[in-house]
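Worksheet for the structure shown next.
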Amino acid sequence: MVEPSPAGSATDRPVRELSTGSQADPYAIYAELRDEGLVHLVREPNGLHRWLVLGYAESRDVFADPRFSKDPTRAWEQLREAGYVSGEPGDRADYLYHVANTDPPDHTRLRKLIGKAFTNRRVQAMRPRIRQVAAGLLDRMAREAGGTVDLVQAYSHPLATTVMCEILGIPDLDRESFRTWATAILTAPGGAAPGAMTKAEGYAAMRDFFTSLIQDKRSGAQDTGEERADVLTALIHATDEGDRLTETELVSTVMLLMSAGQEPTVNLINNGVLALLDHPEQLAMLREKPELIEGAVEEFLRYDPPVQLSTMRVAVEDVEVAGTVIPAGGIVALSIAAAGRDEGRFAEAGRLDVTRADHAHLAFGHGIHHCVGAPLARMEGEIGIGMLIERFPRLSLACPADELRWRPTRIMRGLVEFPVRLDAAVGR
């Protein structure tokens, strides 16, 4: 179809409708689009236009290209018309003031401060606790499931949420609220089901919660050294030559860490397990050689990534990508899922292979915005999937595959429910 020229698009550029993201197999659509070109102008149901990049090399280049900005104020009018923001650029909500929505030098400053709290040492110290949480959930599944469970509610979600809450220092009582808030935040404007929490309501609820929690921690926190008990307390104290996160930056950063640290990990575990159930020979190989789990997780991240579409970037000048000129002001999204299936980059890209040695996927991005939580997500994927398939050697899907429902979010790639049979009696 051809529409009138939207802001930041070429005149008479063919525009494709962008669906809700809930297709069971988006990869057939990506392959069809890639055959026609590596860059397409697409339109969301709410009217927002994006330039969608499908190729691996092209996506990797855009990730690292400073001519594409992460600052939403550069496309404010387009985002406001689509319902993503309101008011004027100077009024942008506090949830937008974080490292994923900034460019250098602000990004450099924020990333450095966050890095002081989110250290590799802190992440690695969580390994025994992650195994303990996973074991407890597996025990409960074996005792209470009656042979069939929803893997989302019984395992992947409580595992990811518990771990992230403990890292950040969030009380137990509040953990069940986060998936509701995260679901709302990830839903495009106008896409919420009747009666469901809206994006604005989800942001407001999470903002209010963290504002109050930060006040409590600030009043009771003691500056006792770099490696404190939780990341939130460390962020409160994180400094660089006297510089600290402002209150707005702190609230926004913790909101980002909680959302990005929960939903992708849930999807990584579920998508990885589903891929194994769809490929029983790969599952058998991984059970026979559990030492392959580290590389297998990298393959799951390539084959069916938990985040299928990057967050937005804005062209600050006209930029040519794969023969297409993306004009200044154009909003750009990179198809991480399509990049992982690019036959020009990965041999037999449509085949799952847990022994694959080429792990240069883009599931965690590339360049200065590479995901700060990637080591934690990998660890949770290795432990979560590895312990599950070891404990339940006859794990199987409890419904026809075509009855599985995918969450209607274009950025994330995750199941609504994941019913599985455990056959717990044969486990340890």
### Message
Among the residues in segment 373-395, are any at pLDDT below 95, surrounded by fewer than 19 Cβ atoms within 10 Å (Cβ to Cβ) and either of a type in the set (S, T, N, Q) or within 17 Å of the chain's Cα centre (by Cα) (or both)?
### Response
yes
### Summary
Considering only helices (runs of 4 or more DSSP H) wholly within segment 277-347, the ones with at least 2 residues that are in contact with a Cys (Cβ under 8 Å, 6 or more places away or on another chain) and over 25 Å from Leu397 (Cβ atoms) are none
### Task
Identify all residues within segment 291-308 that are over 18 Å from Gly350 (Cβ atoms), surrounded by 24 or more Cβ atoms within 10 Å (Cβ to Cβ) and either in contact with a Leu (Cβ under 6 Å, 6 or more places away or on another chain) or among the polar types (S, T, N, Q) (or both); write none if there are none.
Pro306
#### Entry: Among (1) under 30 Å from Arg80 (Cα atoms); (2) at pLDDT below 85; (3) surrounded by fewer than 16 Cβ atoms within 10 Å (Cβ to Cβ), the one test that Asp240 misses
(1)
### Message
Go through (1) more than 12 Å from Gly384 (Cα to Cα); (2) in a helix (DSSP H, G or I); (3) in contact (Cβ under 8 Å) with a residue 60 or more places away in the chain for Val149 and report which single condition fails.
### Response
(2)
## Note on the structure
Given the conditions (1) out of contact with any Gly (no Cβ under 8 Å at 6 or more places or on another chain); (2) more than 30 Å from Phe118 (Cβ to Cβ); (3) surrounded by fewer than 20 Cβ atoms within 10 Å (Cβ to Cβ), every one holds for Leu352 apart from (3)
### Message
Looking only at segment 372-415, filter to residues that are free of Cβ contacts under 8 Å to residues at least 12 places away in the same chain and outside any loop (DSSP other than H, G, I, E, B); which one of those is farthest from Thr162 (Cα to Cα)?
### Response
Glu403
### Message
Exactly one of these conditions fails for Leu362: (1) assigned to a loop (DSSP other than H, G, I, E, B); (2) farther than 20 Å from Gly37 by Cα. Give me its number.
### Response
(2)
### Query
Just one of Ala117, Ala135, Ala64 is surrounded by 15 or more Cβ atoms within 10 Å (Cβ to Cβ) and among the small types (Gly, Ala, Ser); which is it?
Ala117
### Query
Do we find a residue being more than 21 Å from the chain's Cα centre (by Cα) and surrounded by 20 or more Cβ atoms within 10 Å (Cβ to Cβ) anywhere in segment 156-179?
no
### Message
Taking the conditions exactly as written (in a helix (DSSP H, G or I) and either modelled with pLDDT of 90 or more or touching a Gly at 6+ places or on another chain (Cβ under 9 Å) (or both)), does Leu256 satisfy them or not?
### Response
no
#### Entry: Candidate set: segment 356-371, residues that are surrounded by fewer than 21 Cβ atoms within 10 Å (Cβ to Cβ) and among the hydrophobic types (A, V, I, L, M, F, W, C); chosen: the one farthest from Phe300 (Cα to Cα)
Ile368
### Task
Out of the residues in segment 355-372 that are within 22 Å of the chain's Cα centre (by Cα) and hydrophobic (A, V, I, L, M, F, W, C), state the one that is farthest from Leu268 (Cα to Cα).
Ile368
#### Entry: Subset of segment 202-216 that is surrounded by fewer than 15 Cβ atoms within 10 Å (Cβ to Cβ) and of a type outside the set (Ser, Thr, Tyr) - its residue that is nearest to Leu256 (Cα to Cα)
Asp208
### Task
Look at segment 86-112 and say how many of its residues are in a loop (DSSP other than H, G, I, E, B), modelled with pLDDT under 80 and buried (at least 17 other Cβ atoms within 10 Å of the Cβ).
2
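The values are calculated or read from the model by the stated rules, or taken from the named source; none is laboratory data. All values reported here derive from a predicted model rather than from experimental measurement. For neighbour counting, all protein chains shown are included, and Cβ atoms are generated from backbone atoms with ideal geometry for every residue, glycine included.
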